[in-house]
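Everything on this sheet refers to the single structure shown next.
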Amino acid sequence: MCLTLIFTVSALICFSRNADTLNIEKIPYNLKFSYNSSLIYPGASSGVEYPFQRINVTKFLKTGKKKSFIKDRFITANLNGYHHPYFHDNLYLTVGWTMRRTKSSGFFTEFSPEIGLSRTFLGGTTYKVDDNGNVSVRKLAGYYYTLVSVGGGIGYDFSKTTSKPYMVFSKFNVLTMFPYNSTIYLRPVIEIGMICKLSCFRSLKVKSKTKNK
Amino acid sequence: MKQIIFIVAVSILLASCQKEKITIGTNVSDTFYLDNAGESMRILVEGNTSSKTFVLFVHGGPGSGSFVYNTDYISQNIENKYAVVYWDQRNAGASQGNSNDNHLNLPQMTDDLKKVIQLIKARYGQNSFVFLLGHSFGGLLTSSFMTKDNNQSMVKGWIYVDGSQNYPLNDTLTRQMLLKVGHEQVAINKNTDQWNTIISYCNGHPGNFTIGESEQLGTYATDAETYIDVVTPFNYVNALLGYAVEDKLPLTAILINHLYSSNASFNNDLAKTEFSSVLYKVVTPTLILFGEYDFICPKELGYEVFNRINTNDKKIVISPISGHNLIFQDQVLFCNEVNSFIELHK
């Protein structure tokens, strides 16, 4: 039983990874701008994507067809905000890890966990009343929260089929802020935006994998 | 550089958003916050502030929030005459804070309520009249407020709607009512399966209720009014969702605050809390409104308030078509009675 397992695993490794090569490639930094809407409440987001890893994958299917895609990994930093009238405005800074998989056609999917700091600004004048009944206004009242965001989305990279160095994307994120009233606050956010590939690059060792299925 | 410009632009926008807005008029909508003991509580004032008369809604729950009371009917029938104050208590509705569970207790909420009234008078004039309206848990909170120190001198009247001033008594009365009405309904062959389940539970739990038993009685009490044909149906979630976009409700905050508050440890203290023994301190004019089929806070609680308060200026009205949400289930009666009471005492 054990021998069968070892044989199977070895065979899989030998036959599926036919060729791995390593090349140096220049990967552009990306600049992201998006409309960061929380359902009907407007917001904006901007950030940078720092290329960290790229793997070119080519798969040969049993049908004889070839399927290739690129796995990119970015470290990201984003400044985001939304405006929820009468509730709060929220400005939040996040750093994250974006995993993007781009097909040769240009379509991509991505997933990105992020962590950051949020500062809310209450949606109305905020007062303090002391024990003697004296009333004063608190300027820029709001709260700091730790923020975790998890999101996934789809997009299209125009540079794969044309010379245009940008992508468009749509993404659904769930923001979690804590401690919010001794518990957590959840907020769904939809991002629709554009990612521009900058003309400054980072040289990366790019692995190319070829797999047979 | 672009990011710096963005930060500056957003900062300017935010600073402008918090500009103080105090509106005196006949169709006002002002939102502001009271910051007290680790919580920023949302207050919405709508309606006729030029009347200098404010009806302050103290919502139920704990943790339910005040958004649900802001209906079109109340806008058209009370806000046109007076201003209505929708206050989200701590850890409820759109109220916000950090880690503040150590402040989530009835004495702190009583202090919050006092400061809300002080703030209303500071904003709209010390000559403003405030009428306090407590619904459900708001009955307990307003009972606490009205019987503490000289607080009642801050209000012109107390409106007590489907409230509870005595949680241990409340559980006993709920059980008695479930049994009484349950037997009547079984006798006329109405929803017999559901009523038999309730009757069986009540017979098996005669008194000295634990928190779990109290919650189960509450669940049966909520269901029970839906088995009575004459009671106007009311669905809290639907009522809230109906105004979600128009009133820009922070739905996830409302839900999370409600879940947290209704399960917070201070509910254990509330289960032992009563103000029946100190109601004699109340000398303020009082209007008591209850639903005939309120199993959650049975009308006997209203009669107890009526009998114990120390004023002759009092009235009790029972709505024959209401359960626990008379404000919504018998809107005409509610608005007529509230308006008449205010006209008489402002």
Exercise. Filter the range B:23-52 down to residues that are part of a strand (DSSP E or B), out of contact with any helix residue (DSSP H, G or I) (no Cβ under 6 Å at 6 or more places or on another chain) and more than 19 Å from B:Gln89 (Cβ to Cβ), then give me how many there are.
Key: 2
Quiz prompt | Subset tally (residues that are over 24 Å from A:Gly123 (Cα atoms) and in contact with a helix residue (DSSP H, G or I) (Cβ under 8 Å, 6 or more places away or on another chain)) for the range B:89-109 | solution = 3
Quiz item: In this structure, does A:Leu79 turn out to be of a type in the set (A, V, I, L, M), within 11 Å of chain B (Cβ to nearest Cβ) and over 15 Å from the mean Cα position of the chain (by Cα)?
Solution: no
Practice problem: Take B:Ser128 and decide whether it is away from every other protein chain (no Cβ under 13 Å) and surrounded by fewer than 22 Cβ atoms within 10 Å (Cβ to Cβ). | Solution: yes
Quiz item: If a residue has to be surrounded by fewer than 21 Cβ atoms within 10 Å (Cβ to Cβ) and among the polar types (S, T, N, Q) to count, how many in the range B:275-300 make the cut?
Solution: 2
Quiz prompt | Scan of the range B:80-129 for residues that are more than 17 Å from the chain's Cα centre (by Cα), in a loop (DSSP other than H, G, I, E, B) and farther than 24 Å from B:Ser153 by Cα, ordered by number | solution = B:Asn80, B:Asn98, B:Ser99, B:Asn100
Quiz prompt | Flag if A:Asn56 is surrounded by 20 or more Cβ atoms within 10 Å (Cβ to Cβ) and either touching a Ser or Thr at 6+ places or on another chain (Cβ under 9 Å) or closer than 27 Å to B:Lys248 by Cα (or both) | solution = no
Self-check item: Residues located in the range A:82-99, provided they are away from chain B (no Cβ under 14 Å) and either among the aromatic types (Phe, Trp, Tyr) or not in a strand (DSSP E or B) (or both)
Solution: A:Trp97
Practice problem: Can you give me the number of residues within the range B:90-111 that are farther than 20 Å from B:Ile256 by Cβ and at the interface with another protein chain (Cβ under 9 Å from one of its Cβ atoms)? | Solution: 1
Quiz item: Hey, B:Thr286 hits all of (1) closer than 30 Å to A:Gly123 by Cβ; (2) of a type in the set (S, T, N, Q); (3) in contact with a strand residue (DSSP E or B) (Cβ under 6 Å, 6 or more places away or on another chain) but one; which does it fall short on?
Solution: (1)
Quiz item: Counting only residues that are charged (D, E, K, R) and loosely packed, with under 12 Cβ neighbours inside 10 Å, how many does the range B:203-236 have?
Solution: 1
Practice problem: Return the pairs, sorted by first residue and then second, in which the second residue is assigned to a strand (DSSP E or B) and basic (Lys, Arg), the first residue lies in the range A:100-127 and is away from chain B (no Cβ under 14 Å), the beta carbons are less than 7 Å apart, and the residues are 6+ apart or on different chains. | Solution: A:Arg101/A:Lys71; A:Phe108/A:Arg100; A:Phe108/A:Arg101; A:Thr109/A:Arg101; A:Glu110/A:Arg100
Quiz item: Looking only at residues in the range B:251-267 that are hydrophobic (A, V, I, L, M, F, W, C) and over 16 Å from the mean Cα position of the chain (by Cα), which one is farthest from B:Pro107 (Cα to Cα)?
Solution: B:Leu251
Exercise. Could you tell me whether A:Ser38 is under 30 Å from B:Ile254 (Cβ atoms) and either of a type in the set (Ser, Thr, Tyr) or buried (at least 18 other Cβ atoms within 10 Å of the Cβ) (or both)?
Key: yes
Practice problem: Mind listing whichever residues of the range B:226-254 are in contact with a strand residue (DSSP E or B) (Cβ under 9 Å, 6 or more places away or on another chain), within 14 Å of A:Ile184 (Cα to Cα) and of a type in the set (A, V, I, L, M, F, W, C)? | Solution: B:Ala253
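Readers should treat all values here as calculations from the given coordinates under stated rules, not as data from a laboratory. The structure displayed is predicted, hence computed values, not measured ones. Cβ sites come from the backbone with ideal geometry, for glycine too, and all protein chains shown count toward neighbours.
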